[in-house]
1. When you check I313 against the structure, is it within 29 Å of D143 (Cα to Cα), part of a loop (DSSP other than H, G, I, E, B), in contact (Cβ under 8 Å) with a residue 12 or more places away in the chain and among the β-branched types (V, I, T), yes or no?
2. How many residues does the range 233-259 hold that are surrounded by 23 or more Cβ atoms within 10 Å (Cβ to Cβ) and among the β-branched types (V, I, T)?
3. Answer yes if at least one residue in the range 238-250 is part of a loop (DSSP other than H, G, I, E, B) and touching an Asp or Glu at 6+ places or on another chain (Cβ under 7 Å), and no otherwise.
4. Any residue in the range 263-287 that is touching a residue at least 40 places away in the same chain (Cβ under 8 Å) sitting within a Cβ distance under 7 Å of a residue that is outside any loop (DSSP other than H, G, I, E, B) and of a type in the set (D, E, K, R)? List the pairs, counting only those 6 or more apart or interchain.
5. Just name the residue that is nearest to H86 (Cα to Cα) out of those in the range 211-220 that are outside any loop (DSSP other than H, G, I, E, B), out of contact with any Phe, Trp or Tyr (no Cβ under 7 Å at 6 or more places or on another chain) and modelled with pLDDT of 95 or more.
6. Would you point out which residue out of A49, A96, A10, A82 is without any contact (Cβ under 8 Å) to a residue 24 or more places away in the chain and assigned to a loop (DSSP other than H, G, I, E, B)?
7. Return the only residue of S165, S156, S147 being at pLDDT 95 or above, farther than 19 Å from T36 by Cα, crowded, with 19+ Cβ neighbours inside 10 Å and of a type outside the set (K, R).
8. Just name the residue that is nearest to A83 (Cα to Cα) out of those in the range 10-51 that are buried (at least 23 other Cβ atoms within 10 Å of the Cβ) and of a type in the set (S, T, N, Q).
Amino acid sequence: MKQFLVTGGAGFIGSAVVRMLLAETDNRVVVVDTLTYAGNMDSLKPALADNRFSFERADICDGQRMRAIFERYQPEVVMHLAAESHVDRSIDGPRAFIETNINGTFVLLQAALAHYRRNPDIRGKFRFHHISTDEVFGSLGEDGLFSETSPYQPRSPYSASKAASDHLVSAWHHTYGLPVIISNCSNNYGPYQFPEKLIPLIILNGMSGKELPIYGSGKNVRDWLHVDDHARALLLIAQHGKTGESYNVGANNELTNLSIVQKICTILDEMVPDPKIGKREGLIRYVADRPGHDMRYAIDARKIRSELGWTPIETMDSGLRKTVAWYLQNEWWWQRIKSGGYLGQRLGLEQIG
């Protein structure tokens, strides 16, 4: 039985990892999360009654707390997902992204290194898995894919902060010998995603007949990955990936933002038709584009497929239908978020703080 430490485990991807760890493995899990606006204990509800689960409300920038948590739980695998992650918010307020994504990763690396050095019995077993994004590679043209050797060309405060954290993790491996692995994923979607993101925002707005905002022309392309497929990939990488290596995770689901919104409209019209609303496509509104909006992301996932045997289970159609159905069936989860103050308002209009 291994002890996993999952930072950001109350977030969207982190909570999916935790739920899967407890459902599919016989391991112990401690979540470290400071519970910012995107951290939600409701997303960990299936784990709360499990005696293998522990929770520590703590900021990864707090070195003393991080050292104490490592000392108390003695983790063998660290899965580092704690991060500020929304591009629009990084445009409005880049400082939090620098503090959490860069400084927080540095603090966590130092705590992990001290733990690794003072516990010789975990040598050969310890791994520090840093979970990152394909946005560190910049923007693609009409052709090509991001591979593990693609040059870093971040273009937003968010992606710049994640690129910096990737480089820190790599440096701690090459300089100090910390056993690390990095993964870079494409855009995730699925249950428990905070509704500032495109897919849940469109689902919730479409359910209630509100406008469906699309940035610019809607032609920006993303490679979509269901969060459960990503969580399975992360568990494989954390436990069986080669230290010092990086792995790209994507499902080859390239779609424009407009296509995604249209698909959601069709599913909602089928699942919850409403004559007062009519066809949901009529709710689509084009709004001012995001500053510096990257045109296209696409992942080459051949390495994880060939080395670790991972393939996605969900197609875009199956995953999107399951996601819409989940939001329809779990109003208790997203209504609490709306009652907490986020009402789907536009972010990322350069109100820098």
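The values are calculated or read from the model by the stated rules, or taken from the named source; none is laboratory data. Bear in mind the structure is a predicted one, so any value in this text is a computation, not a measurement. Positions of Cβ are generated from backbone atoms using ideal geometry, with glycine treated the same way; all protein chains shown enter the neighbour counts.
1. Yes; evaluated as a whole, the condition is true for this residue.
2. 2
3. Scanning the range 238-250 turns up at least one residue that is part of a loop (DSSP other than H, G, I, E, B) and touching an Asp or Glu at 6+ places or on another chain (Cβ under 7 Å).
4. Listed pairs, sorted by first residue: C265/R280; C265/E281; I267/R321; L268/R280; R280/D269.
5. P213
6. A49
7. None of the other options fit; the residue is S165.
8. For the range 10-51, the residue satisfying everything is S15.
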